[in-house]
Amino acid sequence: MSKKAVLILALLVAGISNAQESKAQVPQISVTGEGKIKIIPDQAIVTVGFQNSGKDVKEVKTLNDEVVDKVIKFLKKSGVPATDYKTNNVSLGKSYDYEKKKSIFQANQTLSINLKDLSKYDEIMMGLNDAGINSIQGVEFKSSKMEDYEREARKKAILNAKQKANDYVSVLGQKVGKAILITDNSSVHIPMPYFKGNMMAMAAEADAPRETLAVGEIEIVTNVSVVFALE
């Protein structure tokens, strides 16, 4: 290789190296932003269960089938669409009672109901109790406009991050430029319900004024990390 070619190659390498170094040294600022929205839920997914036990497997299964039939008929009568409830789990097992020296069969089933009208909560829960439901597995609150609220929270998080960056650099006589990197980390806090007693207590208080559910709020929180270029 000639000396001229070596010199040209060296200049090219030096130029690339200087360009990379210059790019790496672009003034930057890294900040975090938070977007928080609190909303009142207007829907809930209620998961309920029931179980029966006995010494005869056919009898136990028949009892469970009867409960399923009553529950479905009640939900239909209450105007809950068939697409808004489904069976989550069904099990049929056997255990041995060593004290009584006999086998016991148990049938369990869980059902989730998408309750789109929270004003019907008490009515639905009491009807399910009458149909044979004997446990509440959980209640998950949600909003029919959850996606809209999540988008709003994300926008607020970015605005919060940019405001922070402006606060920091304003005293330096610089300006915040374009975003170089955005890292999103979002979470939704879903409140747990408050129950006034269990299913049997609810049934016993059917004729008394009661407040069986505190809906609370859903808190949508979006956290972002943003790297801005400085001008």
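FYI, it's all coordinate maths here, none of it is from the lab. A quick note: this is a predicted structure, and the numbers were derived from the prediction, not measured.
Here the Karplus curve 6.51 cos²θ - 1.76 cosθ + 1.60, taken at θ = phi - 60°, turns the phi angles of region 150-163 into couplings of 5, 4, 4, 5, 5, 5, 5, 5, 5, 4, 5, 5, 5, 4 Hz, with x standing for Gly and Pro. The string of couplings for region 93-101 from the Karplus curve (6.51, -1.76, 1.60, θ = phi - 60°) is x, 10, 10, 10, 8, 6, 6, 8, 6 Hz, one whole number per residue in order, with x for Gly and Pro.
Taking amide H positions as modeled 1.01 Å from N, with prolines and chain starts lacking one, no residue 5 or more places away or on another chain lies under 5 Å from V215.
Past 28 Å, Cα to Cα, is the threshold; run K58/K86; K76/K145; K70/K116; K120/K156; K142/K178; K38/K120 against it and keep the listed order. Before the final figure, lay out each step's value.
On the way: K58/K86 23 Å; K76/K145 26 Å; K70/K116 21 Å; K120/K156 34 Å; K142/K178 36 Å; K38/K120 23 Å.
The pairs that break the limit, which is 28 Å between Cα atoms, are K120/K156; K142/K178.
Computed on region 43-142, with alpha-carbon pairs under 8 angstrom and 6+ residues apart, the relative contact order is 50 percent. Whole-Hz Karplus values for region 29-42 come out as 9, 10, 9, 10, x, 10, x, 10, 9, 10, 9, 8, x, 10 Hz, taken residue by residue from phi with 6.51 cos²θ - 1.76 cosθ + 1.60 and θ = phi - 60°; glycine and proline positions read x. Kirkwood hydrodynamic radius, computed over distinct alpha-carbon pairs, for region 43-142: how many Å, to one decimal? Roughly 14.3 Å, rounded to one decimal.
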